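Right, one structure below, let's go through it.
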Amino acid sequence: MKRLFGGILIATGILLMTTSGLCTGYLVISYFATGGVFDLWLALFPAIIGGVPMAVGAAFFTWGRSLIRLARAEAERPDGPA
């Protein structure tokens, strides 16, 4: 069950990081491509707003990976004393 939940968390984390990263990248690149006046707040605004879902996605990915490693370690461990 830990492997299944870990895999779901990894998939969710990858999807969150990918979608928010692509959206943030598109907004930042389009801001600079339009030749707008450099304003640090306007340039960092999409990165700040998109950074929260990316951080949540990274946390899900890390949590899922640790669950899968824990499940593998439990499967390799003998069940009882010999």
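The values are calculated or read from the model by the stated rules, or taken from the named source; none is laboratory data. What you are looking at is a predicted structure, and each value in this text was computed from that prediction instead of being measured. Please note: Cβ atoms are built from the backbone with ideal geometry, for glycine as well, and neighbour counts cover all protein chains shown. Side chains are part of the model used for accessible areas, which takes the heavy atoms of the whole protein and leaves out ligands, DNA and RNA. Shrake-Rupley method; radii C 1.70, N 1.55, O 1.52, S 1.80 Å.
Just a few scattered comments:
- Based on the Stokes-Einstein relation at 25 °C and a viscosity of 0.890 mPa s, and on the Kirkwood radius from alpha carbon pairs, the chain is assigned a translational diffusion coefficient of 165 µm²/s.
- Rounded to 10°, Cα long-axis angle of helix 40-76 versus longest principal axis of the chain: 10
- The portion of the accessible surface of the chain made up by carbon and sulfur, rounded to a whole percent, is 74 (1.4 Å probe; DNA, RNA and ligands excluded).
- Solvent-accessible surface ranking, highest first, for 41, 63 at 1.4 angstrom: 41, 63
- Degrees separating the helix 2-33 axis from the principal Cα axis of the chain, which is the longest one: 10
- Annotation for the range 1-39: chymotrypsin sites (Phe, Trp or Tyr not before Pro) lying in DSSP loop with at most 16 further Cβ atoms inside 10 Å of their Cβ are 38.
- Based on protein heavy atoms only, the chain ends up with 74 Å² per residue of surface accessible to a 1.4 Å probe.
- Computed label-point distance, nm, for sites residue 8 and residue 76 using a 7 Å Cα→Cβ extension: 2.7
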